[in-house]
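Working notes for the structure below.
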Amino acid sequence: MDIVVCVKQIPDPADPGELNPETKTLKRDMKLIMDESDSYGVEMALQLRDAAGEGEVTLVSMAPHEEVNGLRSGLAMGADKAILVSDEALAGSDALGTAKVLAAAIGRTQADLVLAATESSDGYTGTVPEQIAELMGLPSVTFAKEIKTEDGEVLVKRQTEAGYDEVRCPMPAVVSVTAGVVEPRYPSFKGIMAAKSKPMDQVSVSDLGIQADKVGWAGAGQEITDVSPAPEREAGEIITDEGEGHQNIVALLEELRIV
């Protein structure tokens, strides 16, 4: 089974980072790491490949400055190869522009299954996996908490507020996974060393047959006009129980229309 995993390389969340004052976007000129949410997709892909007994896991990423540190982490976990799309024309790409690039890169493979995180830790749009599926004409299943394959189909337990739905979908397909779907493995020293020699195909926008004015700032359908700090959380109300504390709590819940 050949599986593609979309991997986003982001600034380290432990470092607050900086915003570009002109574009109001996050600066990405530092060392980037693999988004933790994508590590679950990588691990799931590795387990599915091993269960099938054959196939490859390919990582696909779009990042500036030919950044590969995050991809190396996925390769060290056990992925077989990677495709990196890096091009100055991609700066400022919105979610749809990103999906166009990733879909074109995935199209260079013969994937039976495409896995992605539900959303990235630095964007939180939650739309890219479904956009990829639409652009590639593939069925899509979201919020997967468990994935199996059987007779050319992918069997997904799709997380819901009430529990989960059991979904059966023909392959190839795009499936977005939730955090905690599996426990990602830690790369071994042997894996880290082996990652340095695994195939890494670096391509540009023109290599993918995409016009530069369809992505980046030129092709973006949205613009960030202002950025402001999140409001500080106000201190909660303290209720001193002198025998009637429960009544005060009920009154507050009624005021909030919770009960």
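The values are calculated or read from the model by the stated rules, or taken from the named source; none is laboratory data. Since the structure is predicted, the reported quantities are computational estimates derived from the model, not experimental observations. Glycine gets a Cβ as well: all are built from the backbone with ideal geometry, and neighbour counts include every protein chain shown. The area values use the complete protein model at the heavy-atom level, side chains included, leaving out ligands, DNA and RNA. Shrake-Rupley method; radii C 1.70, N 1.55, O 1.52, S 1.80 Å.
Go ahead and estimate [θ] at 222 nm for the chain from helices alone: -39,500 (n - 2.57) per DSSP H run with n ≥ 4, summed, over the residue count, rounded to 500.
-8000 deg cm²/dmol
Out of all Cα-Cα pairs in the stretch 102-224, roughly what percent, to the nearest whole number, are more than 21 Å apart?
Percentage above 21 Å: 54.
Check residue 57: other-chain or 5+ apart residues with amide H under 5 Å from its amide H, H built from backbone geometry?
3, 80, 81
What aspartates and glutamates does residue 148 reach when the alpha-carbon gap must be under 17 Å and sequence neighbours fewer than 8 apart in one chain are set aside?
Here the aspartates and glutamates satisfying the reach criterion relative to residue 148 are 2, 43, 50, 54, 56, 112, 165, 166, 183.
How many percent of DSSP beta bridges within the chain run antiparallel, rounded to 5?
Counting only bridges with both partners in the chain, antiparallel ones make up about 45 percent.
Using the heavy atoms of the protein chains alone and a 1.4 angstrom probe, what is the accessible area of the stretch 65-144 per residue in square angstrom?
Result: 39 Å² per residue.
Provide the solvent-accessible area of residue 65, counting protein heavy atoms only and rolling a 1.4 Å probe, rounded to the nearest 10 Å².
Accessible area, nearest 10 Å²: 140 Å².
Per-residue HN-Hα couplings for the stretch 238-249, Karplus 6.51 cos²θ - 1.76 cosθ + 1.60 at θ = phi - 60°, whole Hz, x for Gly and Pro?
Taking θ as phi minus 60°, the curve returns 9, 10, 8, 7, 10, x, 10, x, 5, 5, 5, 5 Hz for the stretch 238-249.
Give the distance, in whole Å, between the Cα centre of the stretch 172-212 and the Cα centre of the stretch 71-97.
A separation of 7 Å, based on Cα centres.
Can you give the local net charge around residue 217? Use residues other than it whose beta-carbon is closer than 15 angstrom to its beta-carbon, Lys and Arg +1, Asp and Glu -1.
Summing Lys/Arg as +1 and Asp/Glu as -1 gives -2.
Mind ranking 205-211, 90-96, 187-193 by how tightly packed they are, going by the mean number of other C-beta atoms within 10 angstrom, highest first?
The packing order, highest mean first, is 90-96, 205-211, 187-193.
Ignoring ligands, DNA and RNA, please state the percent of accessible area on the chain from carbon and sulfur, probe 1.4 Å.
Its accessible area is 48 percent carbon and sulfur atoms.
For the chain, take the convex hull of the Cα atoms, compute a quarter of its surface area, and give me that in nm², please.
18.3 nm²
So if we plug the beta-carbon distance of residue 230 and residue 52 into 1/(1 + (r/R0)^6) with R0 = 41 Å, what FRET efficiency do we get, rounded to 0.05?
Given R0 = 41 Å and the Cβ-Cβ separation, E is 0.40.
Mind pulling the per residue volume of the convex hull built on the Cα atoms of the stretch 38-144? Å³ is fine.
104 Å³
Leaving ligands and nucleic acids out of the surface, order 186, 124, 40 by accessible area at 1.4 Å, largest first.
186, 124, 40
Under 5 Å between amide hydrogens, which residues at least 5 positions from residue 25 or on another chain qualify, with H placed 1.01 Å from N in the peptide plane?
Close amide H contacts, sequence-distant or interchain: 20.
Tell me the accessible surface of residue 58 in square angstrom (1.4 angstrom probe, heavy atoms of protein chains only), to the nearest ten.
The accessible area comes out at roughly 10 Å².
Order 196, 100 by their accessible area, 1.4 angstrom probe, all chains in place, largest first.
Most to least solvent-accessible, the answer reads 196, 100.
For the stretch 1-76, divide the Cα radius of gyration by the Kirkwood radius and give the resulting Rg/Rh value with two decimals.
On the Cα set of the stretch 1-76, Rg over Rh gives 1.08.
If R0 is 51 Å, what FRET efficiency do you get for residue 238 and residue 168 from their C-beta distance, rounded to 0.05?
0.45
On the full set of protein chains, 1.4 Å probe, figure out the accessible area of residue 165 and give it in Å² to the nearest 10.
Here the accessible area works out near 70 Å².
How do 233, 49 stack up against each other in accessible area, from largest to smallest, with a 1.4 angstrom probe?
From most accessible down to least: 233, 49.
How would the stretch 166-259 be classified by its alpha-carbon gyration tensor: rounded, prolate or oblate, with rounded meaning a/c under 1.5 and the a/b versus b/c comparison settling the rest?
Judged from the Cα gyration tensor, the stretch 166-259 comes out prolate (a/c at least 1.5, a/b above b/c).
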